[in-house]
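**Q** Sending over a structure as structure tokens; questions will come in a sec.
The values are calculated or read from the model by the stated rules, or taken from the named source; none is laboratory data. Not measured: the values here are computed from a predicted model. Here the Cβ positions follow ideal geometry from the backbone for every residue, glycine too, while neighbour counts run over all protein chains shown.
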Amino acid sequence: MLELIGSGLVSMWLEMAGVHIKPLEPIDVLTLQSNPSLIVAPDPNPTGITTVQQYLQGLANSRLVAANTVHSQGIWIQSGPMLMANHQGTIPLPAASLTKIATSLVAFKTWGPNHKFETLVSATGSIQNGVLKGDLVIIGGGDPLFVWEEAIALGNTLNKMGIKRVQGNLVITGNFAMNFQRDPLLAGQLLKQAFNHTTWTRGLTFQYSRMAKGTPKPQVAIAGTVKVQVQAQPNPQQTLLVRHYSLPLKQIIKEMNVFSNNDMAQMLADLVGGHFVVQSTAAQLARVPESEIQLINGSGLGVENRISPRAACAMLMALQQEALTHGLNLADLFPTSGFDHRGTLHARHIPAATVIKTGTLNEVSALAGVMPTRDRGLVWFAIINRGPYVPTFRSEQDKFLQNLLKQLQIAQSVPSVLTPHLGINYVPQLGAANRNEILFKS
């Protein structure tokens, strides 16, 4: 794209559209490539339109969609200020987990990439000879990725403080979830089990085996039961013991999108104010009409979640723009072909260095993202297919991107703005002991 800018080709295209601008400096490329409102002219090169027409005709010929239902398929392709192709691109369609793009955008804008959710642990009694003579109280702070490993590390921290037995109950208060279980009573029962290795199941033991070698097995035996308390703040009779920090938000968002985790997405959406807030804020940040983002939740479960292909691209561009201000990019927040080999990228044949978000329901298959090319720089795309042949839709989407890349040529190198900062197939360290801050000194 830098070569195109330098050659004046973009300026020529803009002049063809009747728009006169000063010559662009290379630093302006990021703005051009990441500004969702900057559509000033259709691309004079028919590559995008031709590829889309061939794709839709192929769907009809293979009877994946009936000829009279091609209108229910939505596609938007954009490069910088150039609209390369548009088929029903401004019509909100059932977009499944493309909804998580909206949730990611609003959460990132609300808290920033390094925000950590806090879970507090307190006690209602004294600690004597390894026994807490009272209740152990968990005050949840909305951590959407508090899982077995986090609980094991927290149990080890309590052991380090000298607590091996709790005479009272395990009390759950605040916004606490564990293993994506948002019912506080059930989440508390999971936590109680994790704290005492003598009660572990085979599945929990397997999760422990994936932790750092030499990690101790916690033994905090709780004599009482799990209780749920509505009050979310510690009272004066409680002594704060530990502050547990979640992974930073940028890693939480990445894990959510790599595995398209519905529970994590819903928890984040609830924390920012619910799906109406996600819907309106995402539309505002992406500079698209709110009618193109219609949500009933933050995860994408249900065909009532409708997003236009244009809005999907615009939200990704807005998130890229926001990430760049923090020294990050979309590849730090979404799965990227060639860098991530987990989750929704499994068994896909996406062009290398393409950042994607998938979406799947019974009769919906969606794919949105950004692909680097030689001739058009960053190409933003969204494809929403409707019909019962979801696995075939996926393979056809992959072929579509491969065909488009063949026409636009492979980028000479992976651009820095699509390179994840944590490297190839990075997996965050769950259960890190240094995210447990001991507050009480005996």
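**Q** Does the range 288-307 contain at least one residue that is closer than 23 Å to Ile138 by Cβ, buried (at least 21 other Cβ atoms within 10 Å of the Cβ) and either free of Cβ contacts under 8 Å to residues at least 60 places away in the same chain or of a type in the set (A, V, I, L, M, F, W, C) (or both)?
**A** Looking only at the range 288-307, we keep the residues that are closer than 23 Å to Ile138 by Cβ, and these are none.
No; the residues of the range 288-307 include none that is closer than 23 Å to Ile138 by Cβ, buried (at least 21 other Cβ atoms within 10 Å of the Cβ) and either free of Cβ contacts under 8 Å to residues at least 60 places away in the same chain or of a type in the set (A, V, I, L, M, F, W, C) (or both).
**Q** Next up: For the range 77-127, give me each residue that is touching a His at 6+ places or on another chain (Cβ under 8 Å) and either among the acidic types (Asp, Glu) or in a strand (DSSP E or B) (or both).
**A** Hits for the range 77-127 are Glu118, Thr119, Leu120, Val121.
**Q** Does the range 390-418 hold any residues that are more than 16 Å from Ile356 (Cβ to Cβ), in contact with a Ser or Thr (Cβ under 7 Å, 6 or more places away or on another chain) and not hydrophobic (A, V, I, L, M, F, W, C), and which are they?
**A** Passing the criteria: Asn403, Gln407, Gln409.
**Q** Something else about it: May I ask you to list the residues in the range 131-167 that are surrounded by fewer than 17 Cβ atoms within 10 Å (Cβ to Cβ) and either among the charged types (D, E, K, R) or at pLDDT below 95 (or both)?
**A** Answer for the range 131-167, where residues must be surrounded by fewer than 17 Cβ atoms within 10 Å (Cβ to Cβ) and either among the charged types (D, E, K, R) or at pLDDT below 95 (or both): Lys133, Lys160, Arg165.
**Q** Of the residues in the range 392-409, how many are touching a strand residue (DSSP E or B) at 6+ places or on another chain (Cβ under 8 Å), outside any loop (DSSP other than H, G, I, E, B) and free of Cβ contacts under 8 Å to residues at least 40 places away in the same chain?
**A** Adding up the residues that qualify gives 1.
**Q** Follow-up question, since we're still on this one. Only helices (runs of 4 or more DSSP H) wholly contained in the range 169-280 count here; list those with 3 or more residues that are of a type outside the set (Ser, Thr, Tyr) and surrounded by 18 or more Cβ atoms within 10 Å (Cβ to Cβ).
**A** Values: elements: 184-195, 202-209, 249-259, 262-272.
The qualifying helices (runs of 4 or more DSSP H) are 184-195, 249-259, 262-272.
**Q** Still on this structure, I have one more. In the range 99-130, which residue that is closer than 23 Å to Gln279 by Cβ and small (Gly, Ala, Ser) is surrounded by the fewest Cβ atoms within 10 Å (Cβ to Cβ)?
**A** Gly112
**Q** While we're on this one: Look through the range 206-238, keep the residues that are modelled with pLDDT under 95 and over 30 Å from Leu268 (Cβ atoms), and return whichever of them is nearest to the chain's Cα centre (by Cα).
**A** Per the criteria, the residue is Lys213.
**Q** Could you look through the range 346-367, keep only residues that are of a type in the set (A, V, I, L, M, F, W, C) and farther than 16 Å from Asn403 by Cα, and pick out the one that is surrounded by the fewest Cβ atoms within 10 Å (Cβ to Cβ)? Give the steps one after another, and end with the answer.
**A** If we filter the range 346-367 for residues that are of a type in the set (A, V, I, L, M, F, W, C), which is where we start, we get 347, 350, 352-353, 355-356, 361, 364, 366-367.
From the residues that got through so far, the ones that are farther than 16 Å from Asn403 by Cα too are 347, 355-356, 361, 364, 366.
On the way: Ala347: 9, Val355: 29, Ile356: 25, Leu361: 18, Val364: 22, Ala366: 29.
Step by step, filter the range 346-367, then rank; the result is Ala347.
**Q** Next question. Go through Leu418, Leu408 for me and flag whichever is buried (at least 19 other Cβ atoms within 10 Å of the Cβ), over 19 Å from Asn261 (Cα atoms) and touching a Pro at 6+ places or on another chain (Cβ under 8 Å). Can you show your working first?
**A** Working: Leu408 fails: touching a Pro at 6+ places or on another chain (Cβ under 8 Å).
Result: Leu418 is the single residue among Leu418, Leu408 that is buried (at least 19 other Cβ atoms within 10 Å of the Cβ), over 19 Å from Asn261 (Cα atoms) and touching a Pro at 6+ places or on another chain (Cβ under 8 Å).
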